[in-house]
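> Okay, here's the structure, questions in a sec.
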Amino acid sequence: MPGVAQIEVQVFGTQKNQDTRKALRFFSERRVRVHFVDLKERPASRGELTRFVQKFGVTALIDTNSVRYRERGLGASRMGDDRWLEILCEEPLILSQPLVRHGGKLTIGLAETDWRSWVEASRGAV
């Protein structure tokens, strides 16, 4: 589409995660360029996760319903944010999914309203 700003997003998640698949489909249907980071193949870096922690807090990144969270017995754990960040880097399958970044804008989980506003803003930008 000539004259339309191209929006790009980065999606962190796994193919098995239903919400991640919904996010990928949402952006695909709107012809948004997606850089998908499969957390099973490459964990998110501490720097990448820190952006999300700064905006949402570390507890928002923890999927307490994940199998890996239960396997590690983390339900009774009381740790500081730094230790949790280490665990999330080591065990990316404990992360809430998907994590989506568009420039400086971030979302955790399904956030179609936010994503739609990003797409609409980019389409009106040119």
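The values are calculated or read from the model by the stated rules, or taken from the named source; none is laboratory data. Remember, it's a predicted structure, so these values are computed and weren't measured experimentally. Glycine also receives a Cβ, built like all others from the backbone with ideal geometry; neighbour counts cover every protein chain displayed.
> Could you pull out the residue among 33, 42, 70, 46 that is within 18 Å of residue 23 (Cα to Cα) and more than 12 Å from the chain's Cα centre (by Cα)?
33
> OK, next. Can you tell me how many residues within the stretch 57-95 are buried (at least 17 other Cβ atoms within 10 Å of the Cβ) and charged (D, E, K, R)?
Residues meeting the conditions: 2.
> Would it be correct to say that residue 122 is in a helix (DSSP H, G or I), closer than 28 Å to residue 6 by Cα and at pLDDT below 95?
Yes: the conditions hold for residue 122.
> Got a sec? Which helices (runs of 4 or more DSSP H) wholly within the stretch 12-109 have at least 1 residues that are in contact (Cβ under 8 Å) with a residue 40 or more places away in the chain and closer than 30 Å to residue 120 by Cα?
Output list reads 18-29, 46-56.
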